[in-house]
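**Student:** Sending over a structure as structure tokens; questions will come in a sec.
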């Protein structure tokens, strides 16, 4: 039987219920800025050795919680686990980022894709979720996640990271039916992956649409939003995942907030290019919001970190439904002491904001 949750303010905020203060977690909170993470990764031998070993994944998931008073844990994994399980051959070269040995270059490769077996190729992820839930023992909720169909397609077609992902965009323009077949297959895989995480013990689910901001308004709705909505619908159809909050985060797509809120998600991530008070006014009481401090602020002085954190809280104001986070992932150069300043400031000033009449 699962332990009773002792700190539920993250889940309460996503449900837009009252909280004693603003909850905070940090994207990429288990990462290279922590010396203990670097030590564990050294023992694992490689990033994939770390991500595919449930014990190591559990260890690094819990490391930031032992340092900081965070209100949620997030599964340590990578958004590219699904395409790797589809047979594309994922590797991480030192200093070069992800690369696929077999990127999708033709219709035959795309049509050969099948949804992976969640208890087969991706069992290591579900084992990690189960182990992390056990080790958390009710301390804070656990967030499961996936990349969005569009973002996964970007890497699967390009074969590696890119500034503009021109190859997948060309596919979408020149062979739209083929592009939509690819996105539909990925969306079904993402939905199955998140449902499996829910069954394994994840208590909230997040979809990272890292490259949605590369698309114009029409293509965003057609190639990204449409398939995130398909994933949300599938999560709502499952008896376990339908009860979990779902957060959509599309970096650089602040102009699409209202359309994203219409998907039926519980919360929306907001990057730092949009004032969070304006974002709240635009979506009203339809969804909670998560964000949105510029990650580079964590490289400033502790005084500036505290000042900018208070500014985000003040901009959101005394309203329900705010989860504090960065506008994107934390970077390796950050001093962990600045993260402690951030977390403590959010909790302290969050109490002040909530007492404003």
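**Student:** Expected output is a single nm value to one decimal: the length gained when fully extending between residue 66 and residue 117, i.e. 0.36 nm times separation in residues minus the C-alpha distance. What is it? Please report the intermediate quantities before stating the final value.
**Tutor:** On the way: separation 51, 0.36 × 51 = 18.36 nm, distance 3.35 nm.
The residue 66-residue 117 span can extend by a further 15.0 nm.
**Student:** Which value, to two decimals, describes the C-alpha radius of gyration of the chain once divided by 2.2 N^0.38 Å? Provide the component values of the computation, followed by the final result.
**Tutor:** Values: Rg = 19.3 Å, N = 357, 2.2 N^0.38 = 20.5 Å.
My calculation over the Cα atoms of the chain gives 0.94.
**Student:** While we're here: What's the angle, to the nearest 10 degrees (0 to 90), between helix 302-316's Cα axis and the longest principal axis of the chain?
**Tutor:** Taking Cα atoms only, the helix is inclined about 80 degrees.
**Student:** Still on this model: So what's the back-of-envelope 222 nm ellipticity for the chain, counting only DSSP H runs of four-plus at -39500 (n - 2.57) apiece and dividing by all residues, rounded to 500?
**Tutor:** Numbers: 14 runs with 155 residues, N = 357.
It comes out at -13000 deg cm²/dmol, rounded to the nearest 500.
**Student:** Multiply the residue gap between residue 173 and residue 300 by 0.36 nm, knock off their C-alpha separation, and tell me the result in nm, one decimal place.
**Tutor:** Working: separation 127, 0.36 × 127 = 45.72 nm, distance 4.23 nm.
Full-extension gain reported as 41.5 nm.
**Student:** Something else about it: Once the Cα atoms of helix 35-44 and of the chain are each reduced to a long axis, what angle between those two axes, in degrees from 0 to 90 to the nearest 10, is obtained?
**Tutor:** Tilt of helix 35-44: around 30 degrees.
**Student:** Compute the Cα gyration tensor for region 209-287, then decide on rounded, prolate or oblate, letting a ≥ b ≥ c be the square roots of its eigenvalues: rounded whenever a/c is under 1.5, prolate when a/b is larger than b/c in the other cases, and oblate in all that remain. Intermediate results must be reported in sequence, preceding the final value.
**Tutor:** Working: a/c = 2.14, a/b = 1.31, b/c = 1.63.
Taking the square roots of the gyration eigenvalues as a ≥ b ≥ c, region 209-287 is oblate.
**Student:** Please report, in Å, the Rg and the Dmax of region 272-357, where both are computed over Cα atoms only.
**Tutor:** 12.7, 39
**Student:** Pick from 307, 167, 281 the residue whose mean-square fluctuation is largest in a GNM of the chain, springs joining Cα atoms under 10 Å.
**Tutor:** 281
**Student:** Among DSSP beta bridges whose residues both lie in the chain, state the antiparallel percentage, nearest 5. Could you put the intermediate results ahead of the total?
**Tutor:** On the way: 5 of 27 bridges.
Roughly 20 percent of the DSSP beta bridges within the chain come out antiparallel.
**Student:** For helix 54-67, report the angle its Cα long axis makes with the longest principal axis of the Cα atoms of the chain; keep it between 0 and 90° and round to the nearest 10°.
**Tutor:** With both axes taken from Cα atoms, the answer is about 20 degrees.
**Student:** Once the Cβ-Cβ distance between residue 180 and residue 15 is put in as r, and R0 is 30 Å, what FRET efficiency do you end up with, to the nearest 0.05? Show your work: numbers first, answer last.
**Tutor:** Numbers: r = 34 Å, r/R0 = 1.13.
According to the calculation, E is roughly 0.35.
**Student:** Which length gain, in nm to one decimal place, applies between residue 262 and residue 47 when the Cα-Cα distance is subtracted from 0.36 nm times their residue separation? Could the numbers behind the result be given before it?
**Tutor:** Values: separation 215, 0.36 × 215 = 77.40 nm, distance 3.64 nm.
Gain on stretching residue 262 to residue 47: 73.8 nm.
**Student:** Which of the three applies to region 1-124, rounded, prolate or oblate, going by the alpha-carbon gyration tensor with a ≥ b ≥ c and a/c under 1.5 meaning rounded?
**Tutor:** Values: a/c = 2.32, a/b = 1.60, b/c = 1.45.
Taking the square roots of the gyration eigenvalues as a ≥ b ≥ c, region 1-124 is prolate.
**Student:** Further, regarding this structure: Assuming R0 = 56 Å, can you tell me the calculated FRET efficiency for the pair residue 164 and residue 3, based on Cβ-Cβ distance, to the nearest 0.05? Before the final figure, lay out each step's value.
**Tutor:** Numbers: r = 46 Å, r/R0 = 0.83.
Plugging the Cβ-Cβ distance into 1/(1 + (r/R0)^6) gives 0.75.
Rule-based calculations on the coordinates, nothing more; no lab input. This is a predicted model, so every value here is computed, not measured. Methodologically, a virtual Cβ is constructed for each residue, glycine included, from the backbone with ideal geometry; neighbour enumeration extends over all protein chains shown.
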